[in-house]
1. With label points built 7 Å along Cα→Cβ from the Cα atoms of Arg202 and Arg136, find their separation and express it in nm.
2. Under the rule a/c < 1.5 gives rounded, and otherwise a/b versus b/c splits prolate from oblate, where does the stretch 201-308 land using the Cα gyration tensor?
3. Which pairs, out of Lys127/Lys382; Lys127/Lys147; Lys127/Lys169; Lys382/Lys408, put more than 22 Å between their alpha-carbon atoms?
4. Once the Cα atoms of helix 305-320 and of the chain are each reduced to a long axis, what angle between those two axes, in degrees from 0 to 90 to the nearest 10, is obtained?
5. Take the chain, connect every pair of alpha-carbon atoms lying under 10 Å apart with a spring to form a Gaussian network, then pick out the residue of Val48, Val116, Val406 with the largest mean-square fluctuation.
6. Add +1 for every Lys or Arg and -1 for every Asp or Glu among the other residues with Cβ under 13 Å from the Cβ of Met1, and state the total.
7. Go through the stretch 193-259 and name the trypsin sites (Lys or Arg not before Pro) that are in a DSSP coil and have 12 or fewer other Cβ atoms within 10 Å of their Cβ.
8. Kindly provide the helix-only [θ] at 222 nm of the chain, computed as the sum of -39,500 (n - 2.57) over DSSP H runs of four or more divided by all residues, to the nearest 500 deg cm²/dmol?
Amino acid sequence: MLFEFAPAIQAGIEAGKYLQVFSNGVPIGLARDAVNGQFVANAIGATVQNNPLAPLVSPVQFVMQGAGMVQTHMGFQESYRQIGVVQTGLQSLQNSLGVLQATTALIGVGTVAGVVLGAVNLHQTLKLRKEVEQMRWEVKNGFIDLKQALKDQGAEIRQIIEQVAQDIKFEQHRLVLIRAYGLFLQALNRFRSAMQLQNASRRNAEIDGSREMLFTALADYTNPHLLEETCAPGQLRRLECAWAIEQAIVATYQAQNEMSAVSDRLYSLQNTISENAYRIIESCDSHDELDFLFPEISRIRNHDLAVVETWQNQVDWMRSLPPSELKLLNSSDFSTSEFNDTPDSKQATTALAEPPEQVAYENLSEKSHFYSLRDQLIFMFKPALRQDHEAYVHQQAGVAGYKTLVSKNLQQASDLTVANLYYYFKIRDESETEKAEVMEAVGI
């Protein structure tokens, strides 16, 4: 992830007047004066693979206003600007969870048709979230009127929405989700009010209470029995809601200056997202599901995980600062207009354009097949699987006399190449084995 700063700051960085701040060799979206060390500005934007940072779940405010979040260590309740940053982040989580949950009213329970998944794929979901943010659609009890929101999708989609609404099993799921979403909203409202309290004891007690409510809501979204009854896309949407709640829980710890707990939970969340994604990919058993999962999970891998990792790096960096540096950070003023120009319109239009992950997947799908594509998606979270594939290809290539497929070349090859070669040799090997078995059976 590459951070973008206001023009005045960017020019200063290029001239050596300002320096980006790094944590463990990774930039954290903060710049300081190269001479006196004064912290001068937060980043105003970021890009991932030359595209604007646009996570599906995670609030970018927790990264773009990283120094403001860090200042909570010096007295969160005393800075209303920092409170505003967190409030905006919480609203972002609320909007994301509402839209993600709402789409389960179309996905339903059990198997699902490809036309359904196309109606709520990554592109459509990003557009729905933008419309919710603009208050074109209201989230009620964790759902929106999909028949109206997706009216341009055609009569078939409206009919499927009606069918899902009449499904008894989904109704059972829906009631659980309504309860969980309601508890989530109550927890956020309690958290927002708690942050306004001046009495430290009362404030912490209220934050503790809101966190307990969030944990209860989280348990509903991660209920193993309910997850088992849903298809891979349905599981992904439930778990994306859970990841949003996890980040709200992290924010409660940060509001109490419990930075060790914040770092621990952010590290745990990264592992959770990776493990959840891997299990979902493993359970994918159709092209329709893969068409839905590949772009969305790619976005989560490249954007959401980048936000969570940067958030953790910011916190770990703050924890490593000596008192003098913390004091300097707390005294910094990032409100100067010269240092905080608003980002251009690239991010505002991100939801309207076809996501680059979708374009990339369409290109890959023309050159590969289901199992190879699924493995390529797994490679994002399980690099060890790619290494196993490389070893197998190297071994089989040696037997077949392909001298260029050595380990060094395979390590530099794309995921597409490695996965395709693996299945080429796998099919070839199985064919040779079957031929040998037939010959043995007939006594040849």
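Values in this text are rule-based calculations from the coordinates and carry no lab data. Keep in mind it's a predicted model, so treat the numbers as computed, not measured. Quick reminder, even Gly has a Cβ in these numbers, built from the backbone with ideal geometry, and neighbours come from all protein chains shown.
1. Result: 4.3 nm between the two label points.
2. On the way: a/c = 3.26, a/b = 1.89, b/c = 1.73.
It is prolate, given that a/c is not under 1.5 and a/b is the larger ratio.
3. Lys127/Lys382; Lys127/Lys169
4. So the inclination is approximately 40 degrees.
5. It is Val406.
6. Once positives and negatives cancel, what remains is -2.
7. Working: sites: Arg202, Arg203, Arg211, Arg237, Arg238; in loops: none.
Filter output for the stretch 193-259: empty list.
8. Working: 22 runs with 289 residues, N = 444.
So the helix-based figure for the chain works out to -20500 deg cm²/dmol.
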